[in-house]
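Taking it in order: structure first as structure tokens, then the write-up.
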Amino acid sequence: MFIRHGEKPADDGPPHGVNVHGEHDPHGLSVRGWTRAGALAALFAHAPSGAHPGVVRPSRVMATEASDEAKSRREVDTARPTADRLGTPLEDGHSHGEEKEVAAEVLSKPESTLIVWHHGTIATLVREFALVNASDVPERWPEERFDLIWVLTREPGSDLAYRFSVVPQGLLVDDRGDVAM
């Protein structure tokens with residue numbers, strides 16, 4: 001399962017980004033982003049549910065780590081509440097540009113995995129998996145959408161192939177119910 005980080009601060013003016021202590025942080029989540037991170041923890045802790053087909057309780061939680069080039073901690077801040085609630089370590093040892101390595105690591109351990117990745121390269125990461133419907137994967141994660149879950153489900157009868165689908169989160173007021181890209 002793949003998600004984008006929670007909502008980010010505006011480029012100029014409110015909403016501002018804050019860190020886990022509520023202090024101003026331009027690389028942090030907005031208050032709405034923190035709210036989404038908490039709601040996601042509940043969603044994954046109570047998965048599966050009929051409202052979110054294909055979404056399961058993750059055994060692993062991975063997130064993009066901050067780097068000198070990409071200073072955002074939003075992926076880690078979005079993933080941490082889920083990892084903490086599930087009592088699993090947060091794996092944040094990969095950065096942008098390591099999509100091939102992340103896919104190989106996920107495939108080496110056949111466990112349900114939640115990956116919180118930078119939206120600009122989630123599509124690249126998803127395409128590293130053998131997909132029976134690769135043409136359904138959008139070129140990019142939609143810039144304005146924070147309320148989606150991209151799901152890979154094993155194709156019946158195959159240990160290697162997956163089917164891609166998109167599930168709306170439906171967690172916060174104003175989340176869209178569609179999966180339009």
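The values are calculated or read from the model by the stated rules, or taken from the named source; none is laboratory data. Model, not experiment: these values are computed from the prediction. Ideal geometry is used to build each Cβ from the backbone, glycine not excepted, and the neighbour counts take in all protein chains shown.
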Next item on the list: Filter the stretch 149-176 down to the residues that are in a loop (DSSP other than H, G, I, E, B) and small (Gly, Ala, Ser), then identify the one that is modelled with the lowest pLDDT.
Entry: Ser158
Checklist line | Leading residue by the ranking (farthest from the chain's Cα centre (by Cα)) among those in the stretch 95-111 that are surrounded by 15 or more Cβ atoms within 10 Å (Cβ to Cβ) and not in a helix (DSSP H, G or I) | finding: Glu98
Note to self: Of everything in the stretch 19-36, what is at pLDDT 95 or above and not in a loop (DSSP other than H, G, I, E, B)? Give them in sequence order.
What the structure shows: Leu29, Val31, Arg32, Gly33, Trp34, Thr35, Arg36
Check: within 23 Å of Gly38 (Cα to Cα) and not small (Gly, Ala, Ser), is that true of Val126?
Finding: no
Next item on the list: Give the residue that is farthest from Ile149 (Cα to Cα), with candidates limited to residues of the stretch 112-139 that are touching a residue at least 12 places away in the same chain (Cβ under 8 Å), hydroxyl-bearing (Ser, Thr, Tyr) and not in a loop (DSSP other than H, G, I, E, B).
Entry: Thr124
Margin query: Here are the criteria: (1) more than 16 Å from Ile149 (Cβ to Cβ); (2) surrounded by fewer than 18 Cβ atoms within 10 Å (Cβ to Cβ); (3) touching a Leu at 6+ places or on another chain (Cβ under 9 Å). Tell me which single one Ser49 does not satisfy.
Written below: (1)
